[in-house]
C-alpha cells in the first residue's frame, strides 16, 4: 500500500508464445532489434490465395484438429487429459502459463489461493468448432464430441486453465474482440485495488488458422502484400491491412506489497486505466479518433497523470488504412493540445495482429520496455502517413528509460481501452 | 520389422496417439477375431483414457471392476470412449445400453453384442 493506504498493482510475471519469440528473453531481443516474426504462409497450399504472410509460431505444430498430431517444445509436459479439451491456442496458453508460474515464482498454494483469479481473452476456436459441428449436422444431432464445446467456444481458455490450475478466486472471460485482454487487465487491476483479489492471471490467446485469419479478409482488413518484411507497416502510407498472428501471452497482476514480500520480480506498476465506446460502427473506428481520445484522457485521469508526463504510447495500430489514421487523430488530439510529443510505436509491425491476445501481448511488451529501459521503435515505417505529421514515431528502438507508458487498444463495436503503466522503482514505495 | 498383423490406415487414424501395443492388439483382433486380442484392445483403449492411470496393469483387473467407482472414469470420458469404440469396431452403441455399462465385463458384453457375427465358411 502507498502512504494513503491504497493498494498498488504490479506486473509480476510474464509468459510468451508469440511470433517474435517463445520466452521473455527472445521477445525482448526482438523488440530491441525490431526483428519481426513473419513468414510466407498460406492456409490452403496449392491454391491461389489473396493473403500470403502470417506471424507464425515457431517450434509448434497445431495444424491438425487432433491433438495427438500436435507438436510442441520438449520442455513442456502435457497429458492427454489436458490436451483433449484444448484448442490450438490452448496449447500455447498452457506453455505461456508455465512460463509465467516460473517467472512469477508462484507456488501451487498461491495459484490455488482463494484470492487468485484468472481473466482471459480468446475468440475461441472456429477451426475446432467447424470440425466438431460438421458431424453434428451429418448425424442430425446424434453424434457430438462431448468436449467440442469447451474446446471451441470463446471461454475455452478460462474453462481449461481455471480447471487445470485449480483457480479458486475468480474465473472470467472477456469478449470485446481486439480489446478483450485490455478489459481483462483493467478489471483485474480493479479487483486488486478493491481488495477482492490479491493477484489476477491474465491470459490471451488466438488460433492462427484459416478460420480465424481469413475471416478478416471478408472485411478486406488483411494485407495482400506477400513480402514478410513490409506486409505489416502501421502508420506507413503504403499499409494495406493487418497480418494475422496467434499464440498466447500470460501476465500476472499482483498487489505489489505481496509480490515484493515473496520475492517476485516487478516489471512495472499499473497505475490506472480508462475505457470508452465509439457509438459509431460495429467494425470501423470513428474516423476522428474521438472515442479513443476519451479513453486515453480517462486513463490518465485515473492515474492522476497529465499527457505531458507520458513517455511512450504503444499504439493499437494494426496497419489498416482506416484504423491507424483514426488513432493518429486521437493521439494528436490528446498530446498535440499540450504540445507534448511522446514516442509512439505499434509493435504489431513485428508481431502481426493477435486479436483478443493483442492487448495482453503488448502490455507485456510495455512491461519489458519499462523494466529494460528501452522504447520499441516503429518497425517498417518508410513513408509515414501524412496524419503522422507532428507526432514522434522513432524508427529505431530508443535506449531511453520510459517512466510512464500508455497501452492503447480498440475492438469491434467501438470498444476503446487504455492502460497506464509506470516504471517501478523500489524507492517509490 | 514388418508387423505380424498389418495396421490399416483407418486403424492408425482412429487410434492416433494410442500406445503401439493397443494398435497391434486391435490389428490382431481384426485379423483373427481372438477374444484375448479383443480384451487387450478394449482395455488398452480404456487405460489410455484414464487419468491418472490405474496402479496395476489393466489386464490384471477382474471383469467385475467398476469403471467409475474403481477406475475413476467420468461421464464425459465415457461418451468419448463410446465414440472411439464405434469408430474402431464400426458398430453403433445405443445410448440406452451404453449408460447401463458399469463394469469391465459390461463393456465387453456390450461391444461383443454389437459386433457382427464372425464370418462362416
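Since every read-out is calculated from the coordinates, none of them should be taken as a lab result. These figures come from a predicted structure and were not determined experimentally.
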task: Given the options A:289, A:204, A:15, state which has the largest fluctuation in a GNM of chain A using a 10 Å cut-off (strictly under) for Cα springs.
output: A:289
- request: State, in angstrom, two size descriptors of the range A:272-428 derived from its alpha carbons: Rg to one decimal place and Dmax to the nearest whole number.
  value: 14.3, 46
message: Can you compute log10 of I(q)/I(0) for chain A with the Debye formula, treating each Cα as one identical point scatterer, at q = 0.07, 0.10 Å⁻¹?
response: -0.30, -0.62
message: Could you work out [θ]222 nm for chain A from helices alone, using -39500 (n - 2.57) per DSSP H run of at least four and dividing by all its residues? Round to the nearest 500 deg cm²/dmol.
response: -9000 deg cm²/dmol
message: How many angstrom lie between the Cα centre of the range A:366-429 and the Cα centre of the range A:170-212?
response: 20
message: I need two numbers for the range B:9-114: Rg to one decimal and Dmax as a whole number, Cα atoms only, in Å.
response: 12.8, 35
- request: Take chain A, connect every pair of alpha-carbon atoms lying under 10 Å apart with a spring to form a Gaussian network, then pick out the residue of A:350, A:391, A:34 with the largest mean-square fluctuation.
  value: A:391
message: Please give the Cα centre distance for the range A:297-352 versus the range B:48-83, rounded to the nearest Å.
response: 57
- prompt: Got the relative contact order for chain A handy, in percent, Cα pairs under 8 Å and 6 or more residues apart?
  reply: 22
field: Fluctuation leader among A:381, A:91, A:398 - chain A, Gaussian network, Cα springs under 10 angstrom
entry: A:398
- request: Please determine, in degrees from 0 to 90 and to the nearest 10, the orientation of helix B:75-89 with respect to the longest principal axis defined by the Cα atoms of chain B, where the helix direction is its Cα long axis.
  value: 20
field: Stokes-Einstein D (µm²/s) once Rh is taken as the Kirkwood radius of the range A:9-261 over alpha-carbon pairs, at 10 °C in 1.306 mPa s
entry: 83
message: Taking 8 Å as the Cα distance limit and 6 or more residues as the minimum spacing, I'd like the relative contact order of the range B:9-114 as a percentage.
response: 24
query: Could you state the per residue volume, in Å³, of the convex hull enclosing the Cα atoms of the range A:240-297?
result: 155
field: Whole-angstrom gap from the range B:10-39 to the range A:88-118, using each part's C-alpha centre
entry: 38
